[in-house]
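A short worksheet on the structure shown next.
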Amino acid sequence: MKATLQSEPDLSAIHLWLVLWKAFRAVETHSTQSIARFEMGVTDFGVLEALLHKGPLTVTELRRKVLLTSGSMTTAVDRMETRGLVARHGDAKDRRARVIHLTPEGRSLIEHAFAQHRDEMEATLAGFSREDRAQLLPLLRRLGRAAQDFHAVPETGVNGRRKE
């Protein structure tokens with residue numbers, strides 16, 4: 001049997017997802033290795049980066065910024081507090097809330113780690129011109145919004161009926 005060559009690229013959603021997934025995994029692996037040299041994981045890096053660029057945040061605000069569950073956020077803040085990277089303070093506006101601040105040690109670490117990580121991620125994407133990036137960015141944002149909108153639809157069960 002003779003194999004037929006496909007003249008048109010496969011533009012199916014499943015193929016696009018597969019290509020995106022493989023690209024994401026490759027970039028994620030590089031990113032994780034870059035961050036790991038600072039003896040932290042991606043979650044801790046995300047929390048420290050948010051505090052560096054957004055300033056002190058309540059636990060709830062921070063959780064939303066780094067997309068963590070409540071329990072995972074508590075564990076991450078506990079871990080970083082033990083390392084002396086963050087401190088919890090009461091919120092002057094809401095006595096029930098706790099505000100997370102970078103300590104001087106945490107600020108020093110994340111400033112250094114962020115600068116190096118930014119440079120390494122630039123090297124990873126060195127083959128993409130500004131024009132390539134300008135085209136890719138809105139497409140990725142649109143894809144993310146489309147996926148979020150899709151999941152906003154009520155869930156259906158195995159039989160296709162709406163879950164109550």
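Helix 70-82 sits at what angle to the longest principal axis of the chain, using alpha carbons and giving 0 to 90 degrees rounded to 10?
Compared with the principal axis, the helix lies near 50 degrees.
Spelling out what I want: for every residue of the range 115-130, take phi, set θ = phi - 60°, compute 6.51 cos²θ - 1.76 cosθ + 1.60 (Karplus), and round to whole Hz; glycine and proline get x.
Per residue, the Karplus-derived 3J(HN,Hα) values read 4, 5, 5, 4, 5, 5, 5, 4, 5, 4, 9, 4, x, 9, 5, 4 Hz.
Compute the long axis of helix 42-54 from its Cα atoms, compare it with the longest principal axis of the Cα atoms of the chain, and write down the angle in degrees, 0 to 90, nearest 10.
70
Once you have the Cα-Cα distance between A152 and S70, take 0.36 nm times their residue separation minus that, and quote the gain in nm to one decimal.
Numbers: separation 82, 0.36 × 82 = 29.52 nm, distance 2.07 nm.
Full extension from A152 to S70 adds 27.5 nm.
Amide H neighbours of L57 under 5 Å, counting only residues 5+ apart in sequence or on other chains, H built in-plane at 1.01 Å?
Under 5 Å from the amide H of L57: I100.
May I ask you to evaluate 6.51 cos²θ - 1.76 cosθ + 1.60, the Karplus curve with θ = phi - 60°, for each residue of the range 28-40 and list the ³J(HN,Hα) values in order in whole Hz, giving x for glycine and proline?
Values per residue, Gly and Pro as x: 4, 4, 4, 4, 4, 5, 4, 6, 4, 5, 9, 6, 8 Hz.
After finding the eigenvalues of the alpha carbon gyration tensor for the chain, what semi-axes result from the square roots of 5 times each, listed largest first in whole Å?
Values: eigenvalues 270, 124, 40 Å².
Those come to 37, 25, 14 Å.
State, as an integer percentage, the relative contact order of the chain based on alpha-carbon contacts under 8 Å between residues 6 or more apart.
After rounding, I find 18 percent.
Once label points are set 7 Å from the Cα along Cα→Cβ at both S129 and H89, what is their separation, rounded to one decimal in nm?
Computed distance between label sites S129 and H89 equals 4.8 nm.
At 0.890 mPa s and 25 °C, plugging the Kirkwood radius over alpha-carbon pairs of the range 40-118 into Stokes-Einstein gives what diffusion coefficient in µm²/s?
198
Hey, how many Å between the Cα centroid of the range 67-86 and the Cα centroid of the range 99-151?
With the range 67-86 and the range 99-151 each reduced to a Cα centre, they are spaced 21 Å.
So who's got an amide H within less than 5 Å of the one on D91, skipping anything under 5 residues away but keeping other chains? H placed 1.01 Å off N, in plane.
For D91, the qualifying residues are A97, V99.
Tell me, what is the Rg over Rh of the range 12-65, with Rh the Kirkwood radius over Cα pairs?
1.14
None of the figures in this text is laboratory data; all of them are computed from the coordinates on show. Keep in mind the model is a prediction, meaning the values are calculated, not measured. Positions of Cβ are generated from backbone atoms using ideal geometry, with glycine treated the same way; all protein chains shown enter the neighbour counts.
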